[in-house]
């Protein structure tokens, strides 16, 4: 099982490098998002509906993924391995994140309006009045946060689940991705139906967020960044996202700022283009280390 899991992980990493994402019309996460969208409306008992949604939808997605993996594996280990690879490709993402971020960073000075449009694929804040430094800050914050929820969280779930079986590993990765997708779509204070999704995501992301901060510090060659990150990680309202962002602020020694929300490392300056590009390299290396460590865990 270890060899199949490692081969599947490697195949998923290659698919990520070459293709970046499934086509949107058939992307499993996009299809799941369409289902979630059916619940994004007013309800007479929003908290009760939200609790059912947070429990049932991720479990249903995980059951389908785990069941398909078990069926494929029963046909032939290579078929099972292919399904595992496709599941990991669907639930993890790094190349697309870095590509979009690099595009934004490269156009902030030359074509700021294009940058303000493109960056909406990374952040939800209003970018119309952000300065160039604040736009770069938004990019750096996003890639740091997405290292945790877009890559490390499903990989960690897979690494833990593979100790039992490949179907369990796939189900675990899909469950985590589904929880995160629910939170990203419904987990806002303005949407009462999303309260349970938000709280569940807070619990699921507790460990990945902190491990991602460790990876950022190591990839940035600055272990002391973790000690510095402790000063600012509580500034964002999220109990988790502050950790990778604060670690990145310490590694780059820059200020990361979301207007009217938080400031990390306030004594430094906003990121320059060189700082932002270094941030991209740090996240790329941290992501590669995360994949490597997942492979070691799967082999063992």
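No value in this document is a laboratory result; all are computed from the given coordinates. Remember, predicted model here, so these are calculated numbers, not experimental data. No Cβ is skipped: glycine too gets one built from the backbone with ideal geometry, and neighbour counts run over all protein chains shown.
The long axis of helix 273-299 is offset from the longest Cα principal axis of the chain by roughly 20 degrees.
Scattering from the stretch 1-115 was approximated by placing one identical point on each alpha carbon and applying the Debye formula without solvent; log10 I(q)/I(0) at 0.12, 0.15, 0.18 1/Å stands at -0.63, -0.85, -1.00. If you run the Gaussian network model on the chain, springs between alpha carbon atoms under 10 Å, then out of 139, 52, 263 the most flexible one is 52.
Distance from the Cα centroid of the stretch 134-156 to that of the stretch 236-300 is 7 Å (rounded to whole angstrom). Using a Gaussian network model of the chain in which every pair of alpha carbons under 10 angstrom is joined by a spring, one finds that among 87, 157, 72 the greatest mean-square fluctuation is at 72. Report summary: the helix-based calculation at 222 nm, which adds -39500 (n - 2.57) for every DSSP H run with n ≥ 4 and divides by the residues of the chain, gives -22500 deg cm²/dmol. Using a Gaussian network model of the chain in which every pair of alpha carbons under 10 angstrom is joined by a spring, one finds that among 128, 62, 284 the greatest mean-square fluctuation is at 128. Max-minus-min Cα coordinates of the stretch 30-180 on each principal axis give 55, 45, 22 Å, with the largest extent listed first.
Pop the C-beta distance of residue 231 and residue 25 into the FRET formula with R0 = 35 Å and round what comes out to the nearest 0.05. Efficiency at R0 = 35 Å is approximately 0.20.
Counting only alpha carbon atoms, the long axis of helix 166-186 and the longest principal axis of the chain meet at about 40°. Where the centre of each part is set by its Cα atoms, how far does the stretch 55-87 sit from the stretch 91-122, in angstrom? Rounded to whole Å, the Cα centres lie 33 Å apart. Helix 28-37 and the longest principal axis of the C-alpha atoms of the chain enclose an angle of approximately 80°. Taking the average, over residues, of other Cβ atoms within 10 Å as the packing measure, peptides 196-202, 293-299 rank 196-202, 293-299 from highest down. Computed with the Debye formula from one identical point scatterer per Cα of the chain, without solvent, the log10 of I(q)/I(0) at q = 0.06 Å⁻¹ comes to -0.19.
By the equivalent-ellipsoid construction on the alpha carbon gyration tensor, the stretch 150-198 comes out with semi-axes of 26, 9, 6 Å, ordered largest to smallest.
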